[in-house]
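Would you mind keeping the following structure in view while I ask a few things?
What follows is calculated from the coordinates using simple rules that are stated; it is not laboratory data. A quick note: this is a predicted structure, and the numbers were derived from the prediction, not measured. Glycine also receives a Cβ, built like all others from the backbone with ideal geometry; neighbour counts cover every protein chain displayed.
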Amino acid sequence: MQNKLQDYISPKAISQVLKLLEHDHLVVKIKNERKTRHGDYMRLPNGKHQITINSNLNEYRFLITLIHEIAHFEAYKTYGRFIKPHGVEWKKTFQHLMLPFLNPEIFPIDLLPLLAKHFKNPKASSDSDATLALALKQFDAPNNKTYIFEVPLGQTFKIYNGKIFKKGAQRTKRFECVEVKTGRMYLFNPNAEVEIIPAKAGIS
């Protein structure tokens, strides 16, 4: 397990992470990028528990995601199977497990205040916290992806499945975007990652 994880998270975090994973019925698998999630947790039919994490995450997002999923496992063990996936039991467990990692040996100084604020009431996804998500993005490998909230009004963009949209106005938290081909309107989370289509390649 250590050999598998040491390529993805800080060496300073390895020993603490391995202690959390010391369970005969818990398995961690590294997966290729999935567009709809960073990781997940599930109880398998054979009684074992499985955590999967995307391999393309930077070391800080990877660690947060891993502890997020371990918290699901620990909350299940402590409170049983009928709790809400991201309810108060999971939140308390996530906060407790994450606290030892919130130090400058593991996370950059600039991230720590944002993480401290986020973990006062952790959300189902760190992507729901626009400020933290943007800060974490700075540590990603260079790519051509942009968050929806960074896209100019009226700009066309492409999502992971190739569909093209034009950005519209913000409605409360999400943005109205029209699919160019069909004219149908969709609502996008502010932190959805998209690819901007340059003006010369855009569709009017």
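When the helix-only estimate is applied to the chain (DSSP H runs of n ≥ 4, each -39,500 (n - 2.57), divided by the residue count), what is the mean residue ellipticity at 222 nm, nearest 500 deg cm²/dmol?
Here the helix-only value at 222 nm equals -9000 deg cm²/dmol.
With unit charges on the beta carbon (Lys/Arg positive, Asp/Glu negative), name the residue among Pro198, Ser125, Ile164 whose Cα is farthest towards the positive pole of the charge dipole of the chain.
Among Pro198, Ser125, Ile164, the one farthest towards the positive end of the dipole of the chain is Ile164.
Nearest 5 is fine: what % of DSSP beta bridges in the chain come out antiparallel, could you say?
Rounded to the nearest five, the antiparallel share is 80 percent.
With N denoting the number of residues in the stretch 41-138, provide Rg(C-alpha) divided by 2.2 N^0.38 Å, to two decimal places.
1.09
With +1 on each Lys and Arg Cβ and -1 on each Asp and Glu Cβ, and nothing else charged, work out how big the dipole of the chain is about its Cα centre, in Debye to the nearest 20.
Magnitude of the dipole: close to 760 debye.
Okay, moving on. Treat every Asp and Glu Cβ in the stretch 134-204 as -1 and every Lys and Arg Cβ as +1, leave all other atoms uncharged, and give the resulting dipole magnitude about the Cα centre to the nearest 20 debye.
220
So for the stretch 1-41, Kirkwood radius off the Cα pairs, Stokes-Einstein at 4 °C and 1.567 mPa s: how many µm² s⁻¹?
It comes out at roughly 111 µm²/s.
Moving to a separate point now. Among all the aspartates and glutamates, which ones have a C-alpha under 14 Å from Lys163's C-alpha, if same-chain residues fewer than 8 places away are not counted?
Glu179, Glu193, Glu195
Post the alpha-carbon centroid distance, the stretch 108-165 to the stretch 43-87, in whole angstrom.
21
Still on this structure, I have one more. Could you state the angle between the C-alpha long axis of helix 59-79 and the longest principal axis of the C-alpha atoms of the chain, as a value from 0 to 90 degrees rounded to the nearest 10?
Rounded to the nearest ten degrees, it is 60.
Please compute the alpha carbon radius of gyration of the chain, then divide it by the globular-protein estimate 2.2 N^0.38 Å. Two decimals is fine.
So the Cα radius of gyration is 1.13 times the expected 2.2 N^0.38 Å.
Do you know the relative contact order of the chain, to the nearest whole percent, from alpha carbon pairs under 8 angstrom that are 6+ apart?
13
Specify the residue with the greatest mean-square fluctuation among Ala141, Ala124, Ala71, computed from a Gaussian network of the chain linking alpha-carbon atoms under 10 Å apart.
Judging by the Gaussian network model, the answer is Ala141.
Something else now. Project the alpha carbons of the stretch 96-204 onto their principal axes and report the range along each, largest first, in whole Å.
Reported extents, whole Å, longest axis first: 51, 29, 21.
I've got another one for you. Please report how many Lys pairs in the stretch 50-146 have alpha carbons closer than 28 angstrom, counting only residues at least 8 apart along the chain or sitting on separate chains.
Close lysine pairs found across the stretch 50-146: 23.
Just to be sure I understand the model, the point goes 7 Å from the Cα along the line to the Cβ. What's the resulting Asn143 to Lys4 distance in nm?
Taking the two extended label points, one gets 2.2 nm.
In addition: Roughly how big is the stretch 39-131's charge dipole about its Cα centre, with Cβ charges of +1 (Lys, Arg) and -1 (Asp, Glu), in debye to the nearest 20?
460
Find out how many positive minus negative residues lie around Ile83, taking Lys and Arg as positive, Asp and Glu as negative, among other residues whose Cβ is under 14 Å from that of Ile83.
+4
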